[in-house]
Amino acid sequence: MPRFLLLCGLFTLFLAASCEPDAPICENCPEEETDAPITGPANPTAYTLEVPSYLPRPIVDETNPLTVEGIELGRRLFYDRIMGRDSAFSCADCHKQELAFTDGLPKAVGVSGRTGRRSAMSIVNMAFNPNGFNWDGRDGKLWEQAVHPVEDMLEMDEDWEAVLIRLRRSRDYPQRFRAAFGIGRTSEITQELAVKAIAQFEMTIIAADSHFDRVVYRNTEFFTEEEQLGADSLFFIEDVPVGALHPGCGHCHNAPTFGDNRFRNNGLDNVSSLEDFEDIGFGAVSGSRFDNGKFRTPTLRNIALTAPYMHDGRFNTLEEVLDHYASGGHGVENEDPNITGFPLSERQKTALLAFLRSLTDESLPTDPRFSSPF
Amino acid sequence: MKYALYLPLFILLFALGCDDDDVLSTQEVDFPISFRAEFGGTPLAIQSADYAYPTGADLKIQLFQYYVSDLELLPAGGGDPVQLSDIELIRWMSATEAATTTRTFQAPIGDYVGLRFGVGVSPDLNAQDPSNFAADFVLNENEFWGPSTRYVFAKIEANADLENDGTFDTPLTYHLGSDALYTTVTFNRTFTLDGTQDPDFTIVADVLKALADDTDSFDIANPDQQRIHGGNQAIATDLWNRLADQFSLETR
């Protein structure tokens, strides 16, 4: 009998302990219901994304029209750690403005120092990308892409429901969501609206004022001799001598966008079969083994700011990148045929590097339109 | 009394307004046209198939694409051709793609005697700046060499196994295009479009026929003939002519 009483007592104690209220999701947020009416302005102002005439016209996402209020809301969400686990991690922790919205690490490091699978991509000039997002193109729309980092345990590792509760209880965000999307109650703040706002902000991050642009399109500056050599003789491919092996970067990284966003095996890995890639990349998205080892061809704009390089950050410097391409691929059957290897003298390498550095938009790292609003 | 004159005039005007001849003459139907890529007469399989080349090498085709400009129907009664499209980019670049791709156009019902298109980018479009177009338009897909050489009209890219050792380690890249190479292809066919028994057209292009014929094969073992880019279009003329000449039209 005492044993039974002891068990009953323990059980009661266990029940009581499990009934302990959960820790507050947001310590600084008021304990309010999450379906309150929202008041305030609700007429979003349409925003036209203006880009210089030498860039293509941006790709319009009709499912997420840009508005002044949506962009501003997205900027706040992008920089606000309220989006990450325990309100302690933001998109901007891996996409730093001063590094052209990369993080300077080989592979992204998320909550609690967890190392991700791939390098954090630059989110500059997304408005010109027609081929899905991420290194492997798994998300068709920019706003769809923004869903995953929040819930990825190697990135922000948060439950979207927890994020939404924090947003709904916030003193500031409900009015901003109403201003951006015209909603009337806090329960109408959804994951879709949050990621659409973030995508609206990201769409506006345009880099188009580099030395290259000022030389070629604006005619206000001149190339140095080195930059000119790098451009005419090495990067672009208009006048390649017959049979010459040539860097030909322009095949995949042509101006003015400097990246066609298609998926290629650029000869990084010497695998014995297409199944042997450590990271199969686009193959996981397309479902075809022939796409294994293929990754996005990103823009080279701001490339001097975005080290280390490749989807896994294996190259620390641009010199290493050039050495890789000069050495050619490995004869893997799905390598891009434009990976040929080529002779590259020190003078040529210096010239090509000088040209690549001319692609940096020096105003981007401090442009207040893209900076933290906090 | 004078209103008695207005009444028949009004009826006449009303009757003329109801004439449906104009409506019939501009009625349009969906008209699908297919494009099929082949290698040696069999449907092209990007990357997944090993193709025997006449010189003894094996090929894996990585990319085959070409622009089609001014796709037009030729009316039976003469007159202006009916333009179905000013520009199309026909491309195979993934093992997941079928060898046949279909585009659907709008065409007026009527009798026709032929189908015509230009292989490449027509001179007026080839004079355009790609930044005039949205980033996802076919004339802005990184297929622009530069101000002097302009659009790449067609690309054939492959990896070759020249030594038959199972290693496809010789890349081949043929990028072709210039105003001088622009070629018009015409197929004479008599057909009617009425939305009921319209013909099924398939435009067929064979990669092997562009590279080789019964008497002459492009020498892919010669380093000078493994890459054609940009300003080297002089040596591309032979390849281009074979590519442009080999189009055929299947009708069902």
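Considering only the range B:166-179, state which residues are open to solvent by 10 Å² or more (accessible area, probe 1.4 Å) and within 10 Å of chain A (Cβ to nearest Cβ).
B:Gly166, B:Thr167, B:Phe168, B:Asp169, B:Thr170, B:Pro171
What are the residues in the range A:86-138 that are closer than 24 Å to A:Ile280 by Cβ and of a type in the set (Val, Ile, Thr), if any?
Within the range A:86-138, A:Thr102, A:Val109, A:Thr115, A:Ile123 qualify.
Starting from the range B:98-124, take each residue that is under 24 Å from B:Thr42 (Cβ atoms) and among the hydrophobic types (A, V, I, L, M, F, W, C) and list its partners that are open to solvent by less than 60 Å² (accessible area, probe 1.4 Å) and in a helix (DSSP H, G or I), counting only C-beta distances under 7 angstrom and pairs at least six apart or across chains.
Close Cβ pairs (under 7 Å, with a partner that is open to solvent by less than 60 Å² (accessible area, probe 1.4 Å) and in a helix (DSSP H, G or I)) amount to B:Val119/B:Ala244.
For the range A:234-245, how many residues meet the condition of being within 23 Å of A:Phe315 (Cβ to Cβ) and either in the same structural domain as A:Gly137 (by TED's automatic domain parsing) or open to solvent by 30 Å² or more (accessible area, probe 1.4 Å) (or both)?
Final tally of qualifying residues: 2.
Scan the range B:112-165 residue by residue and report those that are within 12 Å of chain A (Cβ to nearest Cβ), over 16 Å from the mean Cα position of the chain (by Cα) and of a type in the set (A, V, I, L, M).
Passing the criteria: B:Ala134, B:Ala135, B:Ala158, B:Ala160, B:Leu162.
Any residue in the range A:245-253 that is within 11 Å of chain B (Cβ to nearest Cβ) and free of Cβ contacts under 8 Å to residues at least 24 places away in the same chain?
Taking every residue of the range A:245-253 in turn, at least one turns out to be within 11 Å of chain B (Cβ to nearest Cβ) and free of Cβ contacts under 8 Å to residues at least 24 places away in the same chain.
Residue check, B:Phe201 against (1) among the hydrophobic types (A, V, I, L, M, F, W, C); (2) within 14 Å of chain A (Cβ to nearest Cβ); (3) closer than 19 Å to B:Gln83 by Cβ, all met but one. Which one?
The failed condition is (2).
When the range A:269-291 is examined, which residues are found to be buried (at least 23 other Cβ atoms within 10 Å of the Cβ) and not in a helix (DSSP H, G or I)?
A:Gly281
Give the range B:88-111 a look and list any residue that's small (Gly, Ala, Ser), within 24 Å of A:Gly287 (Cα to Cα) and more than 14 Å from chain A (Cβ to nearest Cβ), or say none.
B:Ala99
Can you run down the residue pairs with Cβ atoms below 8 Å, 6 or more apart or on separate chains, where the first is in the range A:314-335 and at pLDDT below 95 and the partner is among the β-branched types (Val, Ile, Thr) and buried (at least 20 other Cβ atoms within 10 Å of the Cβ)?
Listed by first residue and then by second, the contacts come to A:Gly328/A:Ile339; A:Gly328/A:Thr340; A:Gly329/A:Ile339.
Can A:Glu202 be described as more than 14 Å from every other protein chain (Cβ to nearest Cβ) and more than 30 Å from B:Val138 (Cβ to Cβ)? Step through it out loud before you land on a result.
On the way: more than 14 Å from every other protein chain (Cβ to nearest Cβ): yes; more than 30 Å from B:Val138 (Cβ to Cβ): no.
Taking the combined requirement at face value, the residue does not satisfy it.
Mind listing whichever residues of the range A:16-55 are within 20 Å of A:Gly84 (Cα to Cα) and modelled with pLDDT of 95 or more?
none
Listed here are the residues, each with its yes/no results for (1) within 17 Å of A:Ala100 (Cα to Cα); (2) part of a helix (DSSP H, G or I); (3) in the same structural domain as A:Trp143 (by TED's automatic domain parsing).
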residue	(1), (2), (3)
A:Pro174	no, yes, yes
A:Ala179	no, yes, yes
A:Leu193	no, yes, yes
A:Lys196	no, yes, yes
A:Gln200	no, yes, yes
A:Val215	no, yes, no
A:Thr220	no, no, no
A:Phe223	no, no, no
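The values are calculated or read from the model by the stated rules, or taken from the named source; none is laboratory data. Keep in mind it's a predicted model, so treat the numbers as computed, not measured. Cβ sites come from the backbone with ideal geometry, for glycine too, and all protein chains shown count toward neighbours. All accessible areas refer to the heavy atoms of the entire protein, side chains included, with ligands and DNA or RNA removed. Shrake-Rupley method; radii C 1.70, N 1.55, O 1.52, S 1.80 Å.
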